[in-house]
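Trainee: Please see the structure below; I have some questions.
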Amino acid sequence: MRECASTMLNGRKLATFRRQLLGWFREFQRDLPWRRTTDPYRIWLSEIMLQQTRVAAAIPYYERFLQRFPDVHALAAAPQEEVLRLWSGLGYYGRARNLQKAAQQIVAKHQGTFPSSEADLLRLPGIGNYTAAAILSMAFGEKFAVLDGNVARVLARLGAIRGDLRESQHWQELQETADLLLEPKSPGDGNQAMMELGATLCTPKSPQCLLCPVAQFCEGRRLGIAESLPEKRKKRATVEVTLAAAVFADGKRQTLLFPPPKNTKEKASADHVPTLVSRMWHFPTLSLAGEPAGKLSAFLRKLMPGAASRNWRLVPAGKVRHAVTYRAITLLPFLIKVQRLPRVPGARQVPLGDISSLPVSNLTRKVARAALAAAASVPAKY
Ligand code: SF4
């Protein structure tokens, strides 16, 4: 890649590369809501949402979020529960928590004005090199080149780079190349052009080289190896996780959800609840090894000692599968029909068909759907 950057692409060739890439972007770019603004708050929000979410899925969330939190002050002042509710369904909720913490720091330390220096941005939670470069270039016109997996793939193909791109020396070289290729007069558009190329033409599978505005500079294409780049990284082995969840339902199909722990003390006392579910409002859930219904019963007696005398019947409500990074989760929901829901401090009663009135994870939604389906076929017997 160093060869591509410093010798193949210098002088006039470099200027041609930048001009062709930028010209293509300006003519063919997708019309995305965050491309109609230079407001750093909006650009930041879009970049955080897009970290683990596809563009089409992120757009409605982005618009709803901005309607409720139009600026950094509104986000900083909101109850965390509301922020998480508007994030609910996007997953990776640490992003939403960091977003709000950063907004609070911007209000407290920068009087609500978005920082425009790299050092100040990097001090904010959830902002790393990539996000800082995106904000600095797109909102403030500063020459900072972005580098993420998408851009790295394009650069690896352009320079026919083999090996693990995340290995630090490779990554450093890729960053230098991205810096060199970036159009200095329009760094925001230059970055977006590179990202757009990766998202629309130089895609992970089957790059569309015939339509590519910089195909003549592409070493991977010339060697016929573009499609096999970047080389695969070693995958972390999948870990199988089995969980069981209790879904109470009274005659009006109200159910019981438990809150996420508020502080470290509560987290420590809730350590029997898998963190996969406990960070949002959740059904009583535990990790399993062995016979699920008996273990769940014992767990419920411990969780709700006042209600322990009830002779609940646990009805299996199918099986829910869910994947989070390297974990393959099998969750066994058990429906418990009751006349009256147990009263548990901190827990809330919500309609089973509308659990999204609280911030819940996608896994909890799937459990609710499975329990609703089972509720329709299981007669009430308390
Ligand atoms: S020529 Fe093909 S492989 Fe090379 S950058 Fe363009 S789309 Fe990617």
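The values are calculated or read from the model by the stated rules, or taken from the named source; none is laboratory data. Remember, it's a predicted structure, so these values are computed and weren't measured experimentally. Cβ sites come from the backbone with ideal geometry, for glycine too, and all protein chains shown count toward neighbours. The protein model used for the area step is the full one, side chains on, heavy atoms only, and it has no ligands, DNA or RNA in it. Shrake-Rupley method; radii C 1.70, N 1.55, O 1.52, S 1.80 Å.
Trainee: Expressed as a whole number of Å, what is the distance separating the alpha-carbon centroids of region 22-78 and region 117-132?
Mentor: Rounded to whole Å, the Cα centres lie 17 Å apart.
Trainee: What net charge do the residues around residue 205 carry, taking every other residue with its C-beta under 13 Å from that of residue 205, with Lys and Arg at +1 and Asp and Glu at -1?
Mentor: +2
Trainee: Heavy-atom accessible area of residue 68 with all protein chains present, probe 1.4 Å, nearest 10 Å²?
Mentor: So the heavy atoms of residue 68 present about 90 Å² to solvent.
Trainee: Once fully extended, how much extra length lies between residue 80 and residue 298, figured as 0.36 nm per residue of separation less the alpha-carbon to alpha-carbon distance? Spell out each step's value before the answer.
Mentor: Values: separation 218, 0.36 × 218 = 78.48 nm, distance 3.24 nm.
Here the answer is 75.2 nm.
Trainee: What are the trypsin sites (Lys or Arg not before Pro) within region 113-157 that DSSP puts in a loop, where the Cβ has at most 14 other Cβ atoms within 10 Å?
Mentor: Of the trypsin sites (Lys or Arg not before Pro), the ones in loops of region 113-157 whose Cβ has at most 14 other Cβ atoms within 10 Å are 123.
Trainee: If you don't mind, another one. With both bridge residues required to lie in the chain, what share of the DSSP beta bridges run antiparallel, to the nearest 5%? Walk me through the numbers on the way to the answer.
Mentor: On the way: 15 of 27 bridges.
The answer is about 55 percent antiparallel.
Trainee: Also, quick follow-up: Between 368, 293, 323, find the one with the highest GNM mean-square fluctuation for the chain; connect C-alpha pairs within less than 10 Å.
Mentor: With Cα springs under 10 Å in the chain, the top fluctuation among 368, 293, 323 is at 323.
Trainee: For the chain, what's the radius of gyration and Dmax over Cα atoms, in angstrom?
Mentor: Considering the chain through its Cα atoms, Rg and Dmax are 25.1, 82 Å.
Trainee: Okay, next question. Using a Förster distance of 22 Å, how high is the FRET efficiency between residue 321 and residue 291, based on the Cβ-Cβ distance and rounded to 0.05?
Mentor: On the way: r = 20 Å, r/R0 = 0.91.
Plugging the Cβ-Cβ distance into 1/(1 + (r/R0)^6) gives 0.65.
Trainee: Order 358, 314 by their accessible area, 1.4 angstrom probe, all chains in place, largest first.
Mentor: Sorted descending by solvent-accessible area, the residues read 314, 358.
Trainee: Quick check: pseudo-label points 7 Å beyond the Cα along Cα→Cβ at residue 227 and residue 110, how many nm apart are they?
Mentor: 4.5
Trainee: Moving on to the next point. Quick one: order 282, 73, 170 from most to least accessible surface, probe 1.4 Å.
Mentor: 73, 170, 282
Trainee: Also: Which whole-number percentage describes the relative contact order of region 239-377, with Cα contacts under 8 Å and a sequence gap of 6 or more?
Mentor: About 37 percent, as a whole number.
Trainee: Residue by residue through region 40-46, what is 3J(HN,Hα) from phi via Karplus (6.51 cos²θ - 1.76 cosθ + 1.60, θ = phi - 60°)? Round to whole Hz and write x for glycine and proline.
Mentor: Those phi angles translate into x, 4, 5, 5, 4, 4, 5 Hz.
Trainee: Hey, another quick one. So what is the relative contact order for the chain, in percent, with contacts set as C-alpha pairs under 8 Å and at least six apart?
Mentor: On the way: 570 pairs, mean separation 62.9, N = 382.
Computed over the chain, the figure is 16 percent.
Trainee: Can you give me the solvent accessible area of residue 64 with a 1.4 Å probe, rounded to the nearest 10 Å²?
Mentor: Residue 64 has an accessible surface of roughly 110 Å² with all protein chains in place.
Trainee: Report, to the nearest 10°, how far helix 55-68 tilts away from the longest principal axis of the Cα atoms in the chain, using its own Cα long axis and a range of 0 to 90°.
Mentor: The two axes meet at around 70 degrees.
Trainee: If you don't mind, another one. What size of dipole, in debye to the nearest 20, comes out for region 239-377 about its Cα centre when the only charges are +1 on Lys and Arg C-beta atoms and -1 on Asp and Glu C-beta atoms?
Mentor: About 240 debye.
Trainee: Within region 1-98, which GluC sites (Glu not before Pro) sit in a loop by DSSP and count at most 13 neighbouring Cβ atoms inside 10 Å?
Mentor: Within region 1-98, no GluC sites (Glu not before Pro) qualify (loop, at most 13 other Cβ atoms within 10 Å).
Trainee: Using a 1.4 angstrom probe and counting only protein chains, how large is the accessible area of residue 113 in Å², to 10?
Mentor: Near enough 90 Å² of accessible area.
Trainee: Normalising by the residue count of region 51-161, find the relative contact order in percent from Cα pairs under 8 Å and 6+ residues apart.
Mentor: 17
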